[in-house]
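First comes the structure, then the notes that go with it.
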Amino acid sequence: MANYTPKDILVTGADGFAASHVVNRSGFPKKHSLKFLIYGRTGWVGGLLGKLCEIQGIPYEYGRGRLEDRSSLLADIRDVKPSHVFNAAGLTGKPNADWCEFHKVETIRTNVVGALTLAEVCREHGLLMMHFSSGCIYQYDAAHPEGSGIGFTENDKSNYADSFFSKTRAMVQELLEEYDNVCVLRGRMPILSDLNNPGNFIYKITHYSKVVNIPNSMTLLDELLPISIEMAKRNLKGIWNFTNPGVVSHNEVLELYKQCIDPDFKWENFTLEEQAKVLAAPRCNNELDVTKLKTEFPELLSIKESLIKYVFGPNMKNFTE
Ligand SMILES: NC(=O)c1ccc[n+]([C@@H]2O[C@H](COP(=O)([O-])OP(=O)(O)OC[C@H]3O[C@@H](n4cnc5c(N)ncnc54)[C@H](OP(=O)(O)O)[C@@H]3O)[C@@H](O)[C@H]2O)c1
């Protein structure tokens, strides 16, 4: 098992996760025969992936094509000659997922037609596609009640389609599951040590006027993005819940924020019913079962441990200054 320190990679550029140190069990090419083609150059996740590749010395290029334009994807593959393709291109909705309710065709074009076109083109070229998707396709239910510790597994059918974003994500995942060259990473509520990024769950909940308070599975990107690269090197395929194990609630995160970053920070909670009045589409809350990922990466931290290690520990302010 590789010895790595993802935080060092993203923040300081240390080579704790250097590709040259990774033993490749699947017989996949080693460092110098790796070349990643990444979609999402201008995006949050795509940008971070490129930085990680630079730090790890992995050759990479960003795709120039649009996902729904098959000929542009073929041109990228011809020009770049990649060993793996990462799809971090997708529409999440700006400023939030409500955007997808009012732009359904655009959402289908990128997240459905685009994702399937890229999977198909990769398959024709014998390429593994690492697909950054979403675990927001479940809602707590009687068999998976909130607080029970019983999470949704990769085999559970989606039980949530109340938002158009989630509905299309679930549909596409069901189809991508049939492709033997695709690895679907089901992230949720992504968090990063950079607290100034508007996509960061912590940025969002510290800027909302009111927040709900519900435990959820979340993805600590400092820890999990390097794991996505390692998953590509191991040639892992299929559907993967891609969050840290366990759950954390909005108030637990905000308490930590108050303790470590801003002692004067105050917030106000509201109920799900009150939240629904200010949203075009309801949001889902769930716990994902991360046994599969934790078995492959036993060192994976629980979400609460990961928050301390990668976010609140390094960002902690010295209040005596
Ligand atoms: N699995 C996980 O852990 C996880 C975590 C976070 C996000 N995600 C997923 O990762 C994806 C990216 O998220 P993000 O937060 O990085 O989003 P983002 O910052 O909004 O970036 C989206 C990227 O997608 C590109 N894009 C959009 N439509 C495209 C198209 N039709 N063809 C080619 N490129 C297109 C955008 O490029 P232009 O600006 O040129 O349009 C941009 O580079 C989303 O699908 C999201 O659901 C997964």
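The values are calculated or read from the model by the stated rules, or taken from the named source; none is laboratory data. This one's a predicted model, so the numbers in the text were calculated from it and none came from an experiment. In case anyone asks, the SASA skips ligands and DNA or RNA and just uses the protein heavy atoms, side chains included. Shrake-Rupley method; radii C 1.70, N 1.55, O 1.52, S 1.80 Å.
The candidates 157, 309, arranged from most to least accessible area with a 1.4 Å probe in the full protein assembly, appear as 157, 309. Could you tell me whether the stretch 86-155 comes out rounded, prolate or oblate from its Cα gyration tensor? Rule is a ≥ b ≥ c as square roots of the eigenvalues, rounded for a/c under 1.5, then prolate if a/b exceeds b/c, otherwise oblate. It comes out oblate by the Cα gyration axes.
Quick one: length gained pulling residue 113 to residue 261 fully straight, 0.36 nm per residue minus the C-alpha distance?
Working: separation 148, 0.36 × 148 = 53.28 nm, distance 4.21 nm.
Result: 49.1 nm gained on full extension.
In terms of its C-alpha gyration tensor, the chain has an oblate overall shape, because the principal axis ratio a/c (a ≥ b ≥ c, square roots of the eigenvalues) is not below 1.5 and a/b does not outweigh b/c. Counting only lysines at least 8 places from residue 167 when in the same chain, those with an alpha carbon closer than 20 Å to its own are 94, 104, 157.
Contact order, relative form, for the stretch 101-193: 44 percent (alpha carbon pairs under 8 Å, 6 or more residues apart, mean separation divided by residue count). Ordered by solvent-accessible area of protein heavy atoms (1.4 Å probe), largest first, the residues 214, 308, 55 come out as 308, 55, 214. Residue order by solvent-accessible surface for 185, 116 is 116, 185, largest first, with ligands and nucleic acids left out and a 1.4 Å probe.
According to the square roots a ≥ b ≥ c of the eigenvalues of the Cα gyration tensor, what is the shape class of the stretch 212-320, taking rounded for a/c under 1.5, prolate for a/b larger than b/c otherwise, and oblate for the remainder? Verdict is oblate for the stretch 212-320.
In straight-distance terms, cross-link reach from residue 81 covers every one of the aspartates and glutamates whose alpha-carbon lies under 12 Å from its own, apart from those fewer than eight places away in the same chain; here that gives 61. Lys-Lys pairs in the stretch 199-321 that are eight or more residues apart or on separate chains and whose Cα atoms lie under 23 Å of each other come to 27.
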